[in-house]
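What follows is one structure encoded as structure tokens, with my remarks underneath.
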Amino acid sequence: DSGVTQTPKHLITATGQRVTLRCSPRSGDLSVYWYQQSLDQGLQFLIQYYNGEERAKGNILERFSAQQFPDLHSELNLSSLELGDSALYFCASSEGAARQETQYFGPGTRLLVL
Amino acid sequence: DAKTTQPTSMDCAEGRAANLPCNHSTISGNEYVYWYRQIHSQGPQYIIHGLKNNETNEMASLIITEDRKSSTLILPHATLRDTAVYYCIAWAENTGNQFYFGTGTSLTVIP
């Protein structure tokens with residue numbers, strides 16, 4: 001158990017809909033990272049937040065957005081969903097924002113868009 | 001992007017040492033090498049990381065060559081529960097702040 005929690009574990013929705021994925025970091029960690037893992041793309045970094053502020057951006061679509069709240073939990077919002085958005089979404093956390101921080105991953109949310 | 005090269009797949013007999021190689025020729029001088037593994041579709045699990053010297057923890061050992069262009073992860077006594085995809089992660093100058101996982105090595109431990 002990494003100490004990172006993610007909800008929900010599974011999510012099934014329809015194209016065009018909007019969903020919110022939630023992540024709670026390990027106690028004391030200030031950085032939260034979001035990753036997407038689809039069958040044909042592997043693990044792709046989406047975005048990082050540090051202490052409420054966006055810190056780094058990866059291959060995140062404009063239809064996706066994220067935020068980190070004062071209690072440090074984070075939410076990833078996916079809108080106008082397409083079939084290709086079906087994937088595993090992982091959240092990770094680390095103590096700080098340094099480039100070589102060890103990241104601890106949650107169990108993931110499996111999203112299926114029908 | 002940072003590039004690491006790993007074998008696509010490997011087999012290892014249960015109870016034997018599993019040696020997983022990784023090439024990271026573009027690694028910067030002060031960048032760590034990280035290893036993670038992912039069992040089935042679970043979240044990636046941190047294994048070990050190192051800079052120059054060999055490292056050992058309760059899960060594995062990490063051997064880094066003197067020129068730091070390659071490393072080997074060693075699982076000393078592989079068990080069936082070690083069957084997973086193993087990712088070697090190294091940064092280069094232009095990779096930003098995020099992990100680049102690559103395709104990893106699918107290790108199968110055989111009874």
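The values are calculated or read from the model by the stated rules, or taken from the named source; none is laboratory data. Given the structure is predicted, the values throughout are model-derived calculations rather than measurements. FYI the Cβ positions are ideal-geometry reconstructions off the backbone, even for glycines, and counts take in every protein chain you see. For the accessible areas, the whole protein counts, side chains as well, though only heavy atoms, and no ligand, DNA or RNA atoms are used. Shrake-Rupley method; radii C 1.70, N 1.55, O 1.52, S 1.80 Å.
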Problem - Within the range A:55-94, strands (runs of 3 or more DSSP E) holding 3 or more residues that are surrounded by fewer than 21 Cβ atoms within 10 Å (Cβ to Cβ) - result: A:64-68
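The rows are residues; the columns are (1) touching a helix residue (DSSP H, G or I) at 6+ places or on another chain (Cβ under 9 Å); (2) closer than 25 Å to B:Thr103 by Cβ.
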position: A:Ser27; (1), (2): no, no
position: A:Tyr33; (1), (2): no, yes
position: A:Gln36; (1), (2): yes, yes
position: A:Gln48; (1), (2): no, yes
position: A:Ile60; (1), (2): no, yes
position: A:Leu81; (1), (2): no, no
Problem - Candidate set from the range B:29-71 (those that are at the interface with another protein chain (Cβ under 10 Å from one of its Cβ atoms) and part of a loop (DSSP other than H, G, I, E, B)); member that is surrounded by the most Cβ atoms within 10 Å (Cβ to Cβ) - result: B:Pro44
Handout entry: Subset of the range A:8-27 that is over 18 Å from A:Ser65 (Cβ atoms) and polar (S, T, N, Q) - its residue that is least open to solvent (accessible area, probe 1.4 Å)
Key = A:Ser24
Completion exercise
Note on the range A:75-114: residues of a type in the set (D, E, K, R), at the interface with chain B (Cβ under 8 Å from one of its Cβ atoms) and touching an Asp or Glu at 6+ places or on another chain (Cβ under 9 Å) are A:Arg99
Exercise for the section: Hey, can you tell me all the residues within the range A:95-114 that are hydrophobic (A, V, I, L, M, F, W, C), in contact with a strand residue (DSSP E or B) (Cβ under 6 Å, 6 or more places away or on another chain) and not in a strand (DSSP E or B)? Expected result: A:Ala97
